[in-house]
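The values are calculated or read from the model by the stated rules, or taken from the named source; none is laboratory data. Keep in mind that this is a model prediction, so the values were computed, not measured. Virtual Cβ from ideal backbone geometry, glycine too; neighbours counted across all protein chains shown. Just the protein is used for accessible areas: all its heavy atoms, side chains included, with ligands, DNA and RNA removed. Shrake-Rupley method; radii C 1.70, N 1.55, O 1.52, S 1.80 Å.
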Amino acid sequence: MTFKRPIIAITGSAGKTTTKEMLAAILQRKWKVFKSYQNGNNLWYTKQYKKQINSLHEAIVLEYGLKRAGDIKRLCQLLKPNIGMITNVGRAHIGNFNGRIKGIASAKSELIQNMPAEGTLYINKDDVHSKLLTYGGFKGKILSIGIKNKADYQATRVQYTRAGMRFQLRLNGKLQSFAIPVPGLYNVYNAIFAVAAAHRLGFTANQIQSGLMQFEKPYARLTQHRLSNGCLLINDSFNTKPELHAAVDVLHHSGKNRKIAVLGSIADMGKQRRAMHRATGRWLARQNLNYLYTFGPHARNIGLGAIDAGFSSAKVCNVTSMRKLKIKLMSELKPDSAILFKGATGGKVVLMHLVEDILRERG
């Protein structure tokens, strides 16, 4: 039987880079693998990848980014995947789709519609908006992953550990335990995608576990730093997505009594920008935070939304300069505190630099 080289494309509103790194690390246990560079997932990067891939590469693992309709179709035309993954369908860049989540789902469905008939697709059974994906004439195999809902690869006994997460999956009828060195339920979903694809490609549970423990962790995505006094910094400053559930979940499982969020503005929201920021604030008001800092003019509406929902105005602070934000946060670096930094375009770089400054001075 002729070996057909896996060309794997991963898209989704969140989780692309981490899933790609996890899967590539597993496949590298026995194959020479070409993978996307960091989060380089647009047309320019993919053109470079096409030039760099050669016959020695036994597997190709790429992430396909999406800002507008047609983006994923063009990427597939450059490098046609025979294995596809859609991690989730979220509100990132919803301003480019007239505020319609269906528009985002339709654009992500371009991956499905541009795969060969013998291809394999992996979808998230727990992601509510993935139900909006359209399959067209796709005749390939569709496999599901999940935790809450019944799926082909369904994780059980999911739990936080001091080192990250632990969960179990049934492979070939046998329950297998896996661990990942990163926190968050969100990262378990990423890992299930990687495990499922690797298992279908013939990798053993031991090879899969080895890869998961050694994958290259993307920078500033739910990265935890403990200061010398015990204060915990959760650096999600790279992430520009409007959904905060994953990051706040990690904050709540930090083991710290005082929980503080530092948030930048949410990008690409279009006409929904003000309403989306306000809704985010209202949601945060119910998350048992001790303090909320926002950075930037649009992020101010996050704080106002929280106050509208009953969060104390004395516990909300909007800051417009990095210097002022740093001064205020230095007083929050207490042993019983966990501080989440969540970035967005415009504030992302500022928050990245801020975390780095704090680590240099107080780490």
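Computing the accessible area with a 1.4 Å probe over protein heavy atoms, can you report the carbon and sulfur percentage for the chain? Of the solvent-accessible surface of the chain, carbon and sulfur hold 48 percent.
Here the gap between E361 and Q77, fully extended at 0.36 nm per residue and compared with their Cα-Cα distance, gives a gain of 97.4 nm. Taking 11 Å as the cut-off, the amide N atoms of region 244-260 that come nearer than this to a point 7 Å along the Cα-to-beta-carbon line of K315 belong to 258-260.
For W31 and S177, FRET efficiency with R0 = 35 Å and r from the beta-carbon atoms, rounded to 0.05? Let's see the in-between values first.
Details: r = 24 Å, r/R0 = 0.69.
Rounded to the nearest 0.05, the efficiency is 0.90.
Which one, G202, G255, G146, has the greatest fluctuation when you compute a Gaussian network model over the chain with C-alpha springs under 10 angstrom? Answer for the Gaussian network model of the chain: G202.
The modelled label-to-label distance for the pair I142/E58, using points 7 Å beyond Cα in the direction of Cβ, is 3.2 nm.
Note on K131 and N288: the extension gain reaches 53.4 nm, defined as 0.36 nm multiplied by sequence separation minus the Cα-Cα distance. Within the listed set A275, A247, A59, the Gaussian network model of the chain (springs between alpha-carbon atoms below 10 Å) gives the highest mean-square fluctuation for A275. Across region 138-237, the mean sequence separation of Cα contacts (distance under 8 Å, 6 or more residues apart), normalised by length, yields a relative contact order of 17 percent.
Please work out the Kirkwood hydrodynamic radius for region 29-122, using every pair of different C-alpha atoms, and report it in angstroms with one decimal place.
Values: mean 1/r = 0.0708 Å⁻¹.
Roughly 14.1 Å, rounded to one decimal.
Note that region 1-99 presents 43 Å² accessible area per residue, ligands and nucleic acids not counted, probe 1.4 Å. Under a model in which nothing but the beta-carbon of Lys, Arg (+1) and Asp, Glu (-1) is charged, region 247-313 shows a dipole of about 100 debye around its Cα centre. Classify the chain: rounded, prolate or oblate, from the alpha-carbon gyration tensor (a ≥ b ≥ c, eigenvalue square roots; a/c under 1.5 rounded; otherwise prolate if a/b is larger than b/c)? It comes out prolate by the Cα gyration axes.
The amide H of Y122, built 1.01 Å from its N in the peptide plane, has G84, M85, I86, L143 as neighbours under 5 Å, considering only residues 5 or more places off or on other chains. Normalised by the number of residues in the chain, the mean separation of alpha-carbon contacts (under 8 Å, six or more apart) gives a relative contact order of 15 percent.
Note the full-extension length gain between E118 and W44 as 0.36 nm times their separation in residues minus their Cα-Cα distance, in nm to one decimal. List each step's numbers first, then the result.
On the way: separation 74, 0.36 × 74 = 26.64 nm, distance 2.77 nm.
Full extension from E118 to W44 adds 23.9 nm.
Reducing region 275-332 and region 75-120 to their Cα centroids gives an inter-centroid distance of 33 Å.
Under the criterion of Cα pairs below 8 Å and six or more residues apart, the relative contact order for region 180-319 equals 17 percent.
Distances between placed amide hydrogens fall under 5 Å for V61 paired with I8, F34, K35, S36, all partners being 5 or more residues away or on another chain. Once both labels are positioned 7 Å from their Cα atoms along Cα-to-Cβ, the gap between N149 and K271 label points is 3.0 nm.
A Förster radius of 25 Å, combined with the Cβ-Cβ distance separating R100 from Y219, puts the computed FRET efficiency at roughly 0.20.
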